[in-house]
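Derivation of every value follows stated rules applied to the coordinates shown; laboratory data play no part. The shown structure was predicted, so the numbers you read here are calculated from the model rather than taken from an experiment. For neighbour counting, all protein chains shown are included, and Cβ atoms are generated from backbone atoms with ideal geometry for every residue, glycine included.
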Amino acid sequence: MFGKNKEEIRDLKPEHRRRRKESILPWGKKERIFILVIFLGTVLASGLLALSAENYKFSGLAKINFPKLSLNGLFKGETIVIGNKETPADKIIKAFKNQTKDLTGTYAFEVIDLSTGASFGVNENQVIQAASLIKLPLMLYAQGKVSDAKIEAMGKRSDNAIFAELVAKFGQKTIQSYVDSLGMEETLLAENTTTAKEIGNLFSKIYKDKEDKILGYLTDTIFEKWLRAGIPEEIRVAHKYGREVGVVNDAGIIFSDQPFVLVIMSQGVNEEEADKVVPELARMIYLEYAESQNIR
C-alpha cells in the first residue's frame, strides 16, 4: 500500500497469483541430495579414521567369532583377530619359533583339538624324515593280520626287525596304497618321509576310531624322555618316537581333560640339542594350551 501503485497491489491478489513469478530457490532437489551424500561420506570417513587410529581396540571385543570352526580355548570359531591382540595359538607359535630359531636344522609342530579337528602349527606341511613314525600306518594296517605281539613290539619298542618283516610280508606297494587311502599324500614308505600335519591327522583317526589296542601299545614305551617328559606325570601320553641321524621326532595324544594331538618333528638337527629342546617344547605347548582351556 504506502508507496506502491495500484498495479503492484492488484498483482498480490489471489486471482492474479499465477501471474506472479516465484523466487528461485538457491538449491534444487538434486543439489540438496548431492550435498547430503557429501556430508554423510565425510562423517563416515572421519569415523573410520578415528577407529583406525585406535587400532580397532574396542573394549571387550578383541576378536569376532563365527561358529563354523572351533579349537576350544584356542579357536572359538573361525577367529578374526582385530588389532594386535595375541591369541593362545599365536603365543604358542611365537614361543616355538623363539625357542628354535637359533638351533641347528628345522623344527616343526602340529596341535589338533580332538573335539573339533581344528589345528595350528609351524612348518606342519614341510616334508620331513619320518624315522620310526613310518611304523604307525603299518601298525593300523597289520591289525588282525598278524599277532598283537608284533604290533605291540613296533609300538612299545619300535622294533625295526618286525617292521622289516611285515613290509616284506605285505609288500611295500600294498602298504603304500593303504597309506594313500588315509589321505597321507606326503607320507612315502620308500622315502621314509611325512609331515607333522599328516602324522597329526593319523593320530586323530586312531583316537576317533577308538583304536584302544594301538593306543595301549603307544603308552609306557621305552622312549619316554622326549614328548612324555614335557607332560605332567599324571596325564597319559600315547605316542610314537622316531630317531635317525639328524632327526628327532615324537608325536602322540595328550589325554588331558580335553585331549589333543601334539606332534614335534625335526630334521638336520644337532641331536644333543634336540634331546634337550623337545621336552621343553612339549612342556611349553602343553602349559599354554592347558591354560587357554583352563585344564591340567
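Miscellaneous remarks
- Between the range 203-227 and the range 259-291, the Cα center-to-center distance that results, in Å: 17 Å
- With θ taken as phi - 60° and the Karplus curve 6.51 cos²θ - 1.76 cosθ + 1.60 applied, the whole-hertz 3J(HN,Hα) list for the range 155-163 is x, 6, 10, 6, 5, 6, 5, 5, 4 Hz, x standing for glycine and proline.
- Evaluating 6.51 cos²θ - 1.76 cosθ + 1.60 at θ = phi - 60° for every residue in the range 133-146, the Karplus couplings come out as 5, 5, 6, 4, x, 5, 4, 5, 5, 7, 4, x, 10, 9 Hz, glycine and proline recorded as x.
- Surrounding net charge for T221, when Lys and Arg each add one and Asp and Glu each subtract one, Cβ distance under 14 Å: +3
- Full-stretch length increase - L188, K173 - with 0.36 nm per residue and alpha-carbon distance subtracted: 4.4 nm
- Integer Hz, Karplus 6.51/-1.76/1.60 couplings in order for the range 239-255, x for Gly and Pro: 8, 10, 9, x, 8, 9, 5, x, 9, 9, 10, 7, 8, x, 10, 9, 8
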